[in-house]
Each structure stands twice: as C-alpha cells, then as structure tokens.
Amino acid sequence: MPQSFIYNYSHITFSTKDRQPFITEDIQDELFHYLGGICRNLAFYPVIVGGHKDHVHVLCLLSGKMLLIKFMEQLKSQSSKWMKTKGKAFKNFYWQRGYGSFSVNPTDIETVKKYIINQPKHHKIWTFKEEFLSFLEKNNIPYDERYIWD
C-alpha cells in the first residue's frame, strides 16, 4: 500500500506535580488554548482541551508523524515553560512525570467531549486520583498505585 492511514483518537490526561492546584480560573482558559496550539503544531489535532485545578484532559486525533511519548514530552515541557512565564505564582509549576492515554472510539467522541466540559462538576464528587484510577480499571490496565503518583 503506497499510503498510510491513521485515524486514532486518544483521551490523554495528566496532572500537575503532586496535584498542586495551579490551574486556577484566571489561567485555565489560556492554558487550555495554549495546550491546543501545541497539539496542532505537532499534528495531534485537538478536539477539546479541558481539565480542573490540578490536571488536564486532551482529546485529540493522534498523528502518524510522531510517537506519543515524544508528543507528550513536547506538550508538557513547552506548556510548563510557558506557565512559568505567567508570574511568580507559577515559578514552581511542573507536570507529573507520567500520563494516561486511552483509546476513544470515534462514535464516543461527543460523550468524551461532554465529560471533559463537565470537569468542575465531576470534581465536586471525586478527586483526580479517583478519576485516573477509574480510567485504568475501566480500560483493564494493570497498575501498582505505588508507582503512579509523583
């Protein structure tokens, strides 16, 4: 076949280091927009970027031009550097080392979009830790909780 076809959606999520609540209402829209721009520049086309005080969710169409691990390195390092330019309150801003990436069936895109939009509502009920562990369990991903958090 002379041409490659890639059409994979992923729901990616990761938190701030130690789940510090750096993503305040006054910076979150700008951060989500910035993360979306990084995604577009790397040909990982964002459907939606959102999150809550201590974490983000990115629903995107994966690229065939770059490995996911390299994309995540770029996404986190570029946005972390950018956050540090936003004032003294962000001088100690860091992302956690790891992340979760979960396949999304194209027929479920609207459901995942609504889920990301409703993050503030979800987090009145449960923490990011509880949310992340539920993703691992729902996707049958084995884990040892001792090695998830930093």
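Every number in this text was worked out from the coordinates using simple rules, so none of it is lab data. This one's a predicted model, so the numbers in the text were calculated from it and none came from an experiment. Counting neighbours? That spans all protein chains shown, and the Cβs are built from the backbone with ideal geometry, glycine included.
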- Task: Take every DSSP beta bridge whose two residues both sit in the chain, then give the antiparallel share in percent to the nearest 5.
- Result: 100 percent
- Task: Starting from the Cα coordinates of the chain, work out the convex hull volume and express it per residue in Å³.
- Result: 121 Å³
- Using a simple spin-label model with points 7 Å from Cα along the Cα→Cβ vector, what separation in nm is obtained for ASP18 and ASP144? 2.4 nm
- C-alpha center-to-center spacing [the stretch 1-22, the stretch 130-150] in angstrom: 16 Å
- Item | Near-label residues of the stretch 12-26 by backbone N, under 11 Å of a point 7 Å along Cα→Cβ of LEU68 | 12-13
- Could you calculate the contour length gain from ASP29 to GLN78, that is, 0.36 nm times the residue separation minus the distance between their Cα atoms, to one decimal place in nm? 16.0 nm
